[in-house]
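One structure is given here, and the rest of the page talks about it.
The values are calculated or read from the model by the stated rules, or taken from the named source; none is laboratory data. Remember, it's a predicted structure, so these values are computed and weren't measured experimentally. Cβ: placed from backbone, ideal geometry, glycine included. Neighbour counts: every protein chain shown. These area figures cover heavy atoms from the full protein model, side chains too; ligands, DNA and RNA do not enter into them. Shrake-Rupley method; radii C 1.70, N 1.55, O 1.52, S 1.80 Å.
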Amino acid sequence: MLTRSDCAALDAKDALAGLRVEFDLPDGVVYLDGNSLGVRPKKALERARAVLEQEWGNDLIRSWNKAGWFDMPLRLGDKLAPLVGANPGEIAVTDSTSLNLFKVLAAALRIQSEKSESAGRKTIVTERANFPTDVYMAQGLTEWLDRGYRLRLVDTSDELSAAIDSETAVVMLTHVNYRTGYMHDMRAVTEHAHAQGALAVWDLAHSAGAVPVNLNEDGADFAVGCTYKYLNGGPGAPAFAWIAPRHQAAFRHPLSGWWSHATPFTMQPEFTPASGIRRALCGTQPILSLALVECGLDVFAQTSMPAIRNKSLALTDLFIALVERRCAHHPLTLATPREHRVRGSQVSFAHPHGYPVMQALIERGVIGDYREPEIMRFGFTPLYTRFIDVWDAVDILADILDGQKYDVSAKRDAVT
């Protein structure tokens with residue numbers, strides 16, 4: 001029977017164990033919420049100080065050129081590219097996931113409308129269980145266009161294939177579901193969408209830095225994602241947008257700000273789009289936030305996505321096994337797939353009192369989070385999560401459940 005000492009032995013031979021020192025983790029905390037907000041890289045404090053004191057404080061506006069601020073969104077995009085199967089010149093780190101999704105959806109619909117064979121396609125297909133902001137942005141866009149466009153929501157992945165038909169313009173999916181951790185087969189879904197004449201847009205918010213992604217190999221058309229989860233870019237850090245090279249020349253979106261202009265400092269009153277991925281930009285960039293993103297990306301450069309994936313599966317396998325062994329007599333339901341091929345880097349359990357149980361865990365130093373309905377989410381970030389962290393988390397969870405050490409009347413915080 002597995003013991004804590006066995007978990008310590010797994011840590012001792014873990015090839016990624018040395019990367020934990022790159023992060024500033026508070027003492028006495030088992031952090032299992034990197035799928036919502038990654039921890040701070042140690043170098044982020046030094047980088048923030050350099051931007052504030054030297055680049056902004058001393059060099060002032062000269063830093064747009066001297067410190068490379070102007071090209072930072074594309075330079076960071078090139079650093080991020082290998083993590084998602086992209087090439088240099090295909091990603092811009094900019095704006096929020098919501099805004100980037102709006103841009104790529106609008107561009108995809110425009111591209112479809114300009115094809116004579118696709119002019120009648122007016123439907124965006126997605127899952128009802130998609131992350132809400134994705135659904136909201138698609139709803140808002142279709143209502144704003146008011147040209148017969150509509151959003152079609154499917155309830156299960158099994159319904160998805162049939163829903164993608166001759167009326168579908170765009171298939172918009174989150175690669176790894178935020179609530180359950182279910183992971184789509186990107187290549188299979190994209191190939192099916194293309195066979196029906198639709199374009200595929202992927203949200204990588206719960207994939208980038210957590211699971212291997214191969215945007216080019218899988219034939220995706222567009223992708224967006226955030227940097228503040230597994231990529232450890234900081235709270236509210238800028239997101240990213242990826243445009244397949246074959247679509248870059250035709251890519252246009254309604255948020256045509258001056259940073260996506262071909263020559264922004266000629267100050268022309270007419271908009272002329274820049275070439276390439278710069279078209280995905282909008283307005284002036286948040287330099288301090290952008291600068292911190294690089295600190296997280298630099299840690300990924302010390303390892304590989306296959307190594308991260310192997311440890312992720314080992315951590316999540318261990319967590320599931322221990323919870324089911326220690327807590328089998330409690331009303332816990334595994335919401336995350338057991339099969340590796342369809343599992344992201346999180347484990348979700350449903351419990352009738354999921355919120356108060358999670359609050360009790362947090363009070364004991366095990367930080368996860370809660371999502372309706374009844375879902376306790378535990379995120380596993382292989383760069384800094386240890387096998388003994390898994391053991392300790394389950395040990396505390398079992399103690400809380402066995403002793404009913406949670407307050408069923410716990411007041412809900414604004415952020416759960």
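Is it true that some residue in the stretch 233-241 is out of contact with any Cys (no Cβ under 9 Å at 6 or more places or on another chain) and either among the aromatic types (Phe, Trp, Tyr) or part of a helix (DSSP H, G or I) (or both)? No, the stretch 233-241 has no match at all. Figure legend. Inter-residue proximity from the stretch 265-277: first residues β-branched (Val, Ile, Thr), second residues assigned to a strand (DSSP E or B), beta-carbon distance below 9 Å, spacing 6+ or different chains. Indicated pairs: Thr272/His261; Ile277/Ile91; Ile277/Ala92; Ile277/Ala241; Ile277/Trp242; Ile277/Ile243. For Trp69, the criteria (1) farther than 30 Å from Ala360 by Cα; (2) open to solvent by 90 Å² or more (accessible area, probe 1.4 Å); (3) in a loop (DSSP other than H, G, I, E, B) hold in every case but one, which is (2). If you go through the stretch 4-39 and keep only what is basic (Lys, Arg) and either in contact with a Cys (Cβ under 6 Å, 6 or more places away or on another chain) or within 17 Å of Tyr230 (Cα to Cα) (or both), you end up with just Arg20.
Scanning the stretch 155-183 for residues being closer than 20 Å to Leu101 by Cα, in contact with a strand residue (DSSP E or B) (Cβ under 6 Å, 6 or more places away or on another chain) and part of a loop (DSSP other than H, G, I, E, B) gives a total of 3. The set of residues in the stretch 194-211 being touching an Asp or Glu at 6+ places or on another chain (Cβ under 9 Å) and farther than 29 Å from Leu313 by Cβ consists of His194, Gln196, Gly197, Ala198, Leu199.
One residue stands out in the stretch 191-244 among those that are farther than 22 Å from Ser345 by Cα and out of contact with any helix residue (DSSP H, G or I) (no Cβ under 9 Å at 6 or more places or on another chain): the one that is surrounded by the fewest Cβ atoms within 10 Å (Cβ to Cβ), namely Ala195. Where residues in the stretch 254-291 are in a loop (DSSP other than H, G, I, E, B) and open to solvent by less than 20 Å² (accessible area, probe 1.4 Å), which of them is nearest to Gly85 (Cα to Cα)? Step by step, filter the stretch 254-291, then rank; the result is Leu281.
With respect to Thr156, determine if the residue is β-branched (Val, Ile, Thr), over 25 Å from Val93 (Cα atoms) and open to solvent by 10 Å² or more (accessible area, probe 1.4 Å). The answer is yes for Thr156.
Screening Leu313, Leu334, Leu318 for residues that are farther than 30 Å from Asp95 by Cβ and in contact with a Cys (Cβ under 9 Å, 6 or more places away or on another chain) leaves exactly one candidate, Leu318.
Can we say Thr284 is within 30 Å of Ala414 (Cβ to Cβ) and in contact with a strand residue (DSSP E or B) (Cβ under 6 Å, 6 or more places away or on another chain)? The answer is no for Thr284.
Residues in the stretch 103-154 that are assigned to a strand (DSSP E or B) and among the polar types (S, T, N, Q) were compared, and the one that is farthest from Ala241 (Cα to Cα) is Thr123. Scanning the stretch 325-369 for residues that are of a type in the set (Asp, Glu) and closer than 21 Å to Val30 by Cβ yields a total of 2. Checking Arg75, Arg49 one by one, the residue that is more than 30 Å from Phe319 (Cα to Cα), within 21 Å of the chain's Cα centre (by Cα) and open to solvent by 70 Å² or more (accessible area, probe 1.4 Å) is Arg75 and no other. In this entry, Leu2 passes the filter for residues that are surrounded by 13 or more Cβ atoms within 10 Å (Cβ to Cβ), at pLDDT below 95 and of a type in the set (A, V, I, L, M, F, W, C). With respect to being more than 28 Å from Val342 (Cα to Cα), surrounded by 17 or more Cβ atoms within 10 Å (Cβ to Cβ), at pLDDT 95 or above and in contact with a Leu (Cβ under 7 Å, 6 or more places away or on another chain), Thr94 fits the description.
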